[in-house]
Amino acid sequence: MTLLVVEDEPGITAFVRQGLEAAGYPVATAADGWEGLDLARREDVRLVILDLGLPGLSGEQVLARIRQLRPALPVIVLTAKDTVEDRVAGLEAGADDYVVKPFSFSELLARVRARLRQPEQATSTTLVTGDLELDVLTRRARVAGSDVTLSSREFVLLEVLIRHAGQVLSRPQLLDRVWGYDFDGASNVVEVYVGHLRRKLGPERIETVRGAGYRLVAG
């Protein structure tokens, strides 16, 4: 297993690499987008830490191509872009997590460990409740036998909900499990994405439990 750091600032690359190796992870590095994309194709690469401001091929372009080539490969964006809009755009583009510079290495390491644990927690590649099916390996969703197109973030949100079908998940729980960081408290990102899923899956599938959170109707 190798972790890939795609970053064009040598000081940051050295800092992250040293910390990851001290934690026991083999690390490969790339200083531009094209090299990063080439290394991301390697089967031993299990996670990518990706800067957005890269020479050659931008981080956004690298992320888009990784999602085409290896949809399940975890990608943590590491960037100086720190607005809520930037974070939403990065996650919508397919990032699994978003860390803003300057950053704490201990926080970055915790996020890396959390993303690497996720595949080990899955007990099946296909999650089913009623006529709703979710294949976490191919990232395909089906309702009553018909494919439903979901964005990367919609897919992750639905995966969390279906794994806890019938249970109420609070807004903070969804923010932590889907977005992986403490989102701006004034943001309504959870409500927005629940709305997206309701439009695509049917309004009756996700219940709002007033004052508590959301629940995917089981069965």
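What the table below lists for this structure:
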quantity	calculated
Test result for residue 58, surrounded by fewer than 17 Cβ atoms within 10 Å (Cβ to Cβ), hydroxyl-bearing (Ser, Thr, Tyr) and at pLDDT below 85	no
Those residues of the range 115-129 which are open to solvent by 30 Å² or more (accessible area, probe 1.4 Å) and either modelled with pLDDT of 85 or more or assigned to a strand (DSSP E or B) (or both), in sequence order	126, 128
Test: residue in the range 178-190 that is of a type in the set (Phe, Trp, Tyr), at pLDDT 90 or above and either open to solvent by 10 Å² or more (accessible area, probe 1.4 Å) or part of a helix (DSSP H, G or I) (or both)	no
Pairs where the first residue, in the range 200-219, is at pLDDT below 90 and the second is open to solvent by less than 70 Å² (accessible area, probe 1.4 Å) and among the basic types (Lys, Arg), C-beta under 7 Å, 6+ apart	217/205
Enumeration of residues in the range 166-176 that are touching a residue at least 24 places away in the same chain (Cβ under 8 Å) and either polar (S, T, N, Q) or surrounded by 17 or more Cβ atoms within 10 Å (Cβ to Cβ) (or both)	167, 169, 170, 171, 173, 174
Residue in the range 145-167 that is within 18 Å of the chain's Cα centre (by Cα), under 20 Å from residue 50 (Cα atoms), polar (S, T, N, Q) and modelled with pLDDT of 85 or more present	yes
Lone unmet requirement of (1) touching a residue at least 40 places away in the same chain (Cβ under 8 Å); (2) open to solvent by less than 40 Å² (accessible area, probe 1.4 Å) for residue 46	(2)
Any hit, the range 27-34, residues being under 28 Å from residue 159 (Cβ atoms), modelled with pLDDT of 90 or more and buried (at least 22 other Cβ atoms within 10 Å of the Cβ)	no
Tally of residues being without any contact (Cβ under 8 Å) to a residue 60 or more places away in the chain and under 19 Å from residue 74 (Cβ atoms) across the range 14-43	17
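The values are calculated or read from the model by the stated rules, or taken from the named source; none is laboratory data. Note that the coordinates shown come from a computational prediction; the quantities given were computed from them, not determined experimentally. Note: ideal-geometry Cβ built from the backbone for every residue, glycine included; neighbour counts use all protein chains shown. In case anyone asks, the SASA skips ligands and DNA or RNA and just uses the protein heavy atoms, side chains included. Shrake-Rupley method; radii C 1.70, N 1.55, O 1.52, S 1.80 Å.
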